[in-house]
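As structure tokens, the structure follows; a few thoughts come after it.
The values are calculated or read from the model by the stated rules, or taken from the named source; none is laboratory data. Computed from a predicted model, the values in this text were never measured in an experiment. Glycine also receives a Cβ, built like all others from the backbone with ideal geometry; neighbour counts cover every protein chain displayed.
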Amino acid sequence: MVGRILRPHGLHGELSVEVRTDEPEQRYAAGSVLSTDPPQVGPLTVRSARWHKGRLLVSFAEVVDRSEAESLRGVWLTMDAAELTPSRDPDEFHDHQLTGLTVLTVSGELVGTVSDVLHPAQALLVVTPAPGTGRQAEILVPFVAAIAVDVDLNAGKLVIDPPAGLLDLALSGAGPDDGDDGPHPGGQRED
């Protein structure tokens with residue numbers, strides 16, 4: 001996902017977009033074609049993009065007025081993962097690379113599977129507990145080097161060294177509820 005359409009801006013179909021990419025200038029360049037979720041409203045071709053008061057405003061060739069723009073509120077803007085360039089930084093991963101990884105502790109305990117990556121201030125991995133672990137709720141794991149100590153994409157696993165109590169939060173029924181229900185690109189492990 002490279003963004004989510006928030007609301008129309010003005011009368012001529014311009015849209016305010018919540019950016020979910022580290023490369024907005026590239027992803028929202030004039031002529032870029034973005035797929036959509038739901039897919040039936042796209043694809044959309046970027047006509048122009050500009051920053052206004054900290055928000056990206058985008059005009060799409062297919063959207064000519066405010067009523068058409070209003071119908072796109074909440075639509076996710078996506079691109080094929082094959083189009084993403086691999087990072088040269090060994091501690092930077094695209095969200096689609098992390099989603100689906102099996103999560104283990106440094107002692108080998110199976111925790112679950114990364115089901116999403118959130119980006120409130122720093123990347124948070126949403127881990128769905130594995131059956132038989134006794135955990136019922138999803139676990140939020142900060143994607144920082146001190147906790148996510150090894151990411152092995154080839155082996156399909158992520159090893160964590162959780163601080164005391166982190167995994168117990170799932171036992172109490174605590175889980176993610178930030179009102180955001182979509183994936184987000186550009187996870188970078190913080191040092």
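Brief remarks follow.
- Single condition Val114 does not satisfy, out of (1) part of a loop (DSSP other than H, G, I, E, B); (2) surrounded by 22 or more Cβ atoms within 10 Å (Cβ to Cβ): (1)
- Flag if Val64 is surrounded by fewer than 15 Cβ atoms within 10 Å (Cβ to Cβ) and not basic (Lys, Arg): yes
- Residue match in the stretch 124-132 (condition: surrounded by 17 or more Cβ atoms within 10 Å (Cβ to Cβ), under 18 Å from Val159 (Cβ atoms), at pLDDT below 85 and small (Gly, Ala, Ser)): no
- Criterion (at pLDDT 90 or above and either under 30 Å from Gly165 (Cβ atoms) or not assigned by TED's automatic domain parsing to the domain that holds Gly156 (or both)) met by exactly one of Leu98, Leu57: Leu57
- Filter result (in a loop (DSSP other than H, G, I, E, B), buried (at least 18 other Cβ atoms within 10 Å of the Cβ) and more than 18 Å from the chain's Cα centre (by Cα)) within the stretch 10-31: Gly13
- Every residue from the stretch 134-162 that is in contact (Cβ under 8 Å) with a residue 24 or more places away in the chain and either β-branched (Val, Ile, Thr) or closer than 12 Å to Thr99 by Cα (or both): Ile139, Val141, Val144, Val149, Val151, Leu153, Gly156, Lys157, Leu158, Val159, Ile160
- From Arg7, Arg47, residue being farther than 22 Å from Val117 by Cβ, in contact (Cβ under 8 Å) with a residue 60 or more places away in the chain and surrounded by fewer than 21 Cβ atoms within 10 Å (Cβ to Cβ): Arg7
- Verdict on Leu15 being closer than 25 Å to Asp95 by Cα and in contact with a helix residue (DSSP H, G or I) (Cβ under 8 Å, 6 or more places away or on another chain): yes
- Screening Val2 against (1) out of contact with any helix residue (DSSP H, G or I) (no Cβ under 6 Å at 6 or more places or on another chain); (2) under 24 Å from Asp95 (Cα atoms) leaves a single unmet condition, (1).
- Verdict on Ala49 being part of a helix (DSSP H, G or I), under 14 Å from Ser16 (Cβ atoms) and of a type outside the set (Phe, Trp, Tyr): no
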